[in-house]
Amino acid sequence: MPVQVPKGLIPLDNILPDEPLLMMGAGPVPIPARVAQANSIVINHLGDTMAQIIEQVKTMSGYVFQTDSSRILGVAGPGSAAMEMAIVNIVEPGSPVLSICNGFFSNRLAEMAERVDARVTRMHVREGRTADPEEVREYIKKYNPRVLTMVQGETSNTVLNRHLEEIAGIAREHECKIIVDAVCTLSTMPLQMDEWGIDAVITGGQKGLASIPGVSLVAFSSSAWQGIQQRPDQLKHWCLDAILANRFWYEKAYHYTAPVSGILALHEALRLICIETLEQRFERHLRCSTALQSGIESMGLSLFTSPAARLNSVVGITLPIDVDSKNLLAHMSDRYRVEISGSFGLNIVRIGQMGEQSRSHNIFRTLHALGASMFALGVKVNIPAGVAALESTLDEFIF
Ligand SMILES: Cc1ncc(COP(=O)(O)O)c(C=O)c1O
């Protein structure tokens, strides 16, 4: 009996809300119109037009990653695919790896290293703390890892590894390669890949870059690339094999059919960053995020992470007792059409400050939606005080 044509299918228009929700969670983030338009185009993935676009994507990425690396590869996949691409190509089976674990995503890097049979030591950082360089030094001395993995920003619990530069320096002193997940931070705050001596930096499209999910980037240092070229073993991964991916990204040849629309979207996202410049983009993100934080606190709510370890790209808010995050998120999206994120097990909700989320109009709307929804759920927040704090910190800037 053949499988029948399914019945009762609902057209997309009837599923999607009339007006899209304002995406103010931990990603994906709203995309600029140019990025959306580019994402609607399909072209030949191996033609001259694509080749020209790929050249520009690599050049612009070099600026965004702050690297002269001649090996920046795109991945058809989520940020996790870029994480895995860095791990499987750099980490050799049986080799010692140190993973600094602050939360969900840094643990994912450790797990990926374990899956390629590395001997992984996890340095667990206390909840809400930034990794301490001296502790990292002790671990490196004790375990002599060949590779260190860490996140710059731990989106899951809104912790920033503030001492990344110093930690990278310590790793370098011990000839240990360092892989950094900058999925939520790249282009929202400084990261100097070459100057800090980082061997692989990973990012996704859907966060700081303000592109679409599903096309990600990884940049390798020349020493990392040399190591990859000299690997004696054959990788078990085919799609993520950097040498094979290099065919498409540097030799205009076929690896797999590239996600052309997503690469065009990424091109536009990167171009908008280049037009804005990194300096101004960092300034915008910093001002917007700190304004949002002061608005939240002035309203009477508490931020989850202490200032010493606080990530600006994603802001965590401690939920008052008796507020269920599900009810809060539902109220915000049903009543105000604003979506923010819950968490992975913590008693917090998270508001993103990445890309287009860091615009005054989006922040005002989100703060009001948060305050009014808390109020509706019985929390005595002072909404005018929050909005006034936002006004006083954002007023003089037009973002
Ligand atoms: C810091 C960090 N790393 C990695 C990832 C994984 O990205 P993706 O969900 O695109 O696989 C995320 C996503 O939230 C993230 O925030």
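Just so you know, all these numbers are worked out from the coordinates, no wet-lab data involved. Keep in mind it's a predicted model, so treat the numbers as computed, not measured. Positions of Cβ are generated from backbone atoms using ideal geometry, with glycine treated the same way; all protein chains shown enter the neighbour counts.
Determine the distance separating the Cα centre of region 175-201 from the Cα centre of region 322-372; give it in Å without decimals.
Taking the Cα centre of each part, region 175-201 and region 322-372 sit 29 Å apart.
How long, wide and thick is region 34-118, going by the Cα atoms along their three principal axes, in whole angstroms, largest first?
Its Cα atoms span 43, 26, 24 Å along the three principal axes.
Per residue of the chain, what 222 nm ellipticity follows from adding -39500 (n - 2.57) for every DSSP H run with n ≥ 4, rounded to the nearest 500?
-13500 deg cm²/dmol
In what sequence do Thr277, Thr290, Thr130 fall when counting other Cβ within 10 Å, fewest first?
On the way: Thr277 11, Thr290 17, Thr130 21.
Least crowded to most crowded, the residues run Thr277, Thr290, Thr130.
Set the bar at 30 Å for Cα to Cα. Now go through Lys236/Lys326; Lys207/Lys252; Lys177/Lys236 and name every pair that lies beyond it. Don't jump to the answer; show the numbers that get you there.
Values: Lys236/Lys326 41 Å; Lys207/Lys252 28 Å; Lys177/Lys236 21 Å.
Exceeds cut-off: Lys236/Lys326.
With only alpha-carbon atoms counted, please give the Rg and Dmax of the chain, in Å.
Using the Cα atoms of the chain, the pair Rg, Dmax is 21.7, 69 Å.
What's the Kirkwood radius of region 1-56 in Å, using all Cα pairs?
15.8
Hey, got the dipole for region 205-311? About the Cα centre, +1 on K and R Cβ, -1 on D and E Cβ, debye to the nearest 20?
80
To the nearest µm²/s, what D does Stokes-Einstein give for region 243-399 at 10 °C and 1.306 mPa s, using the Kirkwood radius over alpha carbon pairs as Rh?
Numbers: Rh = 17.5 Å.
It comes out at roughly 91 µm²/s.
Starting from the Kirkwood Rh over alpha-carbon pairs, what translational D in µm² s⁻¹ does region 294-359 have by Stokes-Einstein at 25 °C and 0.890 mPa s?
On the way: Rh = 12.6 Å.
Stokes-Einstein gives a translational diffusion coefficient of 194 µm²/s.
With a sphere of radius 15 Å drawn around the Cβ of Pro28, what net charge do the other residues whose Cβ falls strictly inside it have (Lys, Arg +1; Asp, Glu -1)?
Net of charged neighbours comes to 0.
Please arrange Val3, Val88, Val349, Val42 by how many other C-beta atoms lie within 10 Å of their C-beta, fewest to most. Walk me through the numbers before you get to the answer.
Values: Val3 5, Val88 20, Val349 25, Val42 9.
In order of increasing Cβ crowding within 10 Å: Val3, Val42, Val88, Val349.
If you average the C-alpha positions of region 1-72 and of region 214-280 separately, how far apart do those two centres end up, in angstrom?
Distance between centres, Cα-based: 16 Å.
Kyte-Doolittle cut-off 0.0, length cut-off 20 Å along the helix's own axis using Cα: show which whole DSSP H helices in the chain pass.
Correct list, ordered by number: 48-65, 260-276, 360-376.
Enumerate the amide H contacts of Gly342 below 5 Å, restricted to partners 5 or more residues apart or on another chain; note that Pro and chain-start residues carry no placed amide H.
Close amide H contacts, sequence-distant or interchain: Arg350.
What percentages, rounded to whole numbers, describe P(r) for region 83-143 computed over all alpha carbon pairs with 5 Å bin width beginning at zero?
For region 83-143, the pair-distance distribution reads 4, 19, 28, 23, 18, 7, 0.
So how do 371-380, 103-112 stack up, highest first, on mean other-Cβ count within 10 Å?
103-112, 371-380
To one decimal place, what orientation-averaged projected area in nm² is obtained for the convex hull of the Cα set of region 164-227? Provide the component values of the computation, followed by the final result.
Numbers: hull surface 17.4 nm².
Result: 4.3 nm².
What FRET efficiency, computed as 1/(1 + (r/R0)^6) with R0 = 41 Å and r the Cβ-Cβ distance, is obtained for Glu297 and Arg271, rounded to the nearest 0.05?
The calculated FRET efficiency here is 0.70.
Restricted to Cα positions, what overall size does region 167-308 have along the principal axes? Three whole-Å values, descending.
Taking the Cα atoms of region 167-308, the three principal extents are 58, 42, 27 Å.
Please say if region 109-156 is rounded, prolate or oblate, where rounded means a/c under 1.5 for a ≥ b ≥ c the square roots of the C-alpha gyration tensor eigenvalues, and otherwise the choice is prolate for a/b larger than b/c and oblate otherwise?
oblate
Among DSSP beta bridges whose residues both lie in the chain, state the antiparallel percentage, nearest 5.
50
For a quick check: sort Ile140, Ile317 by the number of other beta carbons within 10 angstrom, fewest at the front. Intermediate results must be reported in sequence, preceding the final value.
Values: Ile140 21, Ile317 26.
In increasing order of surrounding Cβ atoms, one gets Ile140, Ile317.
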